[in-house]
1. Rounded if a/c is under 1.5, else prolate if a/b beats b/c, else oblate: with a ≥ b ≥ c from the C-alpha gyration tensor eigenvalues square-rooted, which is the stretch 98-192?
2. Size of the dipole of the chain about the Cα centre, Lys and Arg at +1 and Asp and Glu at -1 on the beta carbon, nothing else charged, in debye to 20?
3. If R₀ is 25 angstrom, what is the calculated FRET efficiency for the pair residue 5 and residue 56, using the beta carbon separation as r and rounding to 0.05?
4. Could you check which residue among 112, 54, 43 shows the biggest mean-square fluctuation in a GNM of the chain with a 10 Å Cα cutoff?
5. Setting aside same-chain residues fewer than 8 positions from residue 35, which lysines have a Cα under 25 Å from its Cα?
6. Grab the alpha carbons of the chain, take their convex hull, and tell me the volume per residue in Å³.
7. What share of the DSSP beta bridges in the chain is antiparallel, in percent to the nearest 5?
8. Work from the charge dipole of the stretch 10-191 (Cβ charges, +1 for Lys and Arg, -1 for Asp and Glu, about the Cα centre) and give the residue of 29, 55, 110 farthest towards its positive end.
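We did not get these values from a lab; they are worked out from the coordinates using the rules stated. None of these values were measured; they are calculated from a predicted model. All Cβ positions, glycine included, derive from the backbone under ideal geometry; neighbour counts span all protein chains shown.
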Amino acid sequence: MAPENLDKYELLICVTGGIAAYKVGTVVSSLVQKKAAVTVAMTDSATRLIGPPTFRALTGRAVHTDLWAQEISADVEHISLTDRADLVVVAPATANILAKMAAGIADDLVCTTLLAVEGPVLLAPAMNVRMWSNPATVHNVEILKQRGHILVGPESGWQACGHVGIGRMAEPQTIVRAIEEILAQRKPKAST
Ligand SMILES: Cc1cc2nc3c(=O)[nH]c(=O)nc-3n(C[C@H](O)[C@H](O)[C@H](O)COP(=O)(O)O)c2cc1C
């Protein structure tokens with residue numbers, strides 16, 4: 001059964017540069033209201049679509065955007081972020097981040113962090129229908145599933161580009177439910 005309250009759970013939400021990035025504010029706010037401790041990391045492209053101050057205000061925590069930043073902490077951030085997290089979520093997950101994860105690329109904070117995660121990551125893909133059905137993306141998603149990563153969505157419907165089809169990010173409440181279902185099977189790291 002899903003936990004009603006996410007107290008003691010530590011979540012890392014990686015936001016990548018999809019138009020649905022604005023909806024992740026709702027996901028983060030719901031998690032914080034359920035008492036989860038939430039940290040957000042963003043790619044450069046994501047910061048062009050939604051500002052880090054939004055996530056800083058919603059989480060009460062610094063937002064991580066730069067692999068080389070020294071000012072937030074003296075830790076090696078891409079490792080310490082994954083050490084603490086009970087679950088890492090990528091929402092929205094662009095075609096680009098799926099390709100980088102499948103290939104093991106580590107050239108910015110988000111994909112380097114994702115390469116350092118032990119265990120499954122929850123992915124909420126979001127992209128144009130033609131990007132989603134491109135054989136390259138289909139192949140990358142297959143690789144990620146084989147490695148044990150978990151997908152929520154994408155859903156079918158209206159897309160910001162004006163197309164209708166599969167590729168819409170799962171709705172925020174669907175993503176929160178998927179997070180709760182995964183956490184229900186894990187004890188918080190903080191309590192072990
Ligand atoms: C307005 C706008 C919206 C975009 N939306 C998406 C999207 O929903 N999904 C996607 O895969 N790429 C989308 N892109 C393209 C990505 O931002 C681009 O591939 C970028 O390199 C992704 O980088 P990241 O994965 O490091 O965030 C969009 C680009 C723009 C300019």
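1. Because a/c hits 1.5 or more and a/b fails to exceed b/c, the stretch 98-192 counts as oblate.
2. With only Lys, Arg, Asp and Glu charged at Cβ, the dipole is about 380 debye.
3. Values: r = 23 Å, r/R0 = 0.94.
Step by step, r from the Cβ atoms, then E = 0.60.
4. Judging by the Gaussian network model, the answer is 54.
5. Filter leaves 8, 23, 187, 189.
6. Working: hull volume 21.1 nm³, N = 192.
Looking at the chain, the number lands at 110 Å³ per residue.
7. Numbers: 4 of 20 bridges.
So the antiparallel bridges in the chain amount to around 20 percent.
8. Most positive-ward Cα: 29.
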